[in-house]
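Single-structure report; data block below.
Just so it is clear, none of the values below were taken in a lab; they were calculated from the coordinates. Computed from a predicted model, the values in this text were never measured in an experiment. Every residue, glycine among them, receives a Cβ derived from its backbone with ideal geometry; neighbour counts consider all protein chains shown.
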Amino acid sequence: MESFLYPEKNLYISLITKQHPMKYFGIADAHGIESFIQGDPTDINHSVQAMVLDLRAGANRHRHAVVFIVDISESTAQDIDDLLEEGDYIGALVRLKMSVETLQLTNLPGAEKSWRLIPNSDLDPYS
């Protein structure tokens, strides 16, 4: 929120600026967010990355890995980036799930169920 004084009218005005959603995609699994990339995976600049993520998620379904595409605010994206830098991958996924404006999941079998179950490290049979 931005505020300023309008001296000619002696008014205090507050502006609420609506943040436009930003598109991100990545991998989330039982241990939190594994990949978090800004951009549209259908865009030619990100399509190869998206295909690689899809392959990696498919190879790690035992950890309930899913590829997600989300629209989130800039401030939420910054919060998630900060949590990831701190190594809090579970916290980053919790923050994402609390704030997502739109969500798409890949068509891997069981992806929706996995999304509901994660994060939960107990789901990984190898941990």
**Cα centroid of segment 35-67 to Cα centroid of segment 89-118, whole Å** = 13 Å
**Request:** Taking the Cα centre of segment 19-123 as origin, sum charge times position over the Cβ atoms of Lys and Arg (+1) and Asp and Glu (-1), and report the length of that vector in debye to the nearest 20.
**Result:** 520 debye
**Message:** Using amide H atoms built in the peptide plane, which far-off residues or other-chain residues are under 5 Å from Ile33 H to H?
**Reply:** Ile90, Ala92, Leu93
**Asked** Arranged by the count of other C-beta atoms within 10 angstrom, fewest first, what order do Lys97, Lys113, Lys23 take?
**Response** Lys113, Lys97, Lys23
**Message:** Under a crude label model (7 Å from the Cα following the beta-carbon direction), how far is Asp43 from Ala59 in nanometres?
**Reply:** 2.6 nm
**Asked** Summing -39500 (n - 2.57) over the DSSP H runs of n ≥ 4 in the chain and dividing by its residue number, what mean residue ellipticity at 222 nm do you reach, to the nearest 500 deg cm²/dmol?
**Response** -10000 deg cm²/dmol
**Fill in**
A student applying the Cα gyration tensor rule (rounded when a/c is under 1.5; otherwise prolate if a/b is larger than b/c, oblate if not) would label segment 20-69 oblate
**Complete:** Ranking Met98, Pro109, Phe25 by how far each Cα lies towards the positive end of the charge dipole of the chain (+1 on Lys and Arg Cβ, -1 on Asp and Glu Cβ), the top one is Pro109
**Prompt:** If you wrap a convex hull around the Cα atoms of segment 19-123, how much volume per residue is inside, in Å³?
**Reply:** 89 Å³
**Debye, to nearest 20: dipole size of segment 79-127, +1 on Lys, Arg Cβ, -1 on Asp, Glu Cβ** = 400 debye
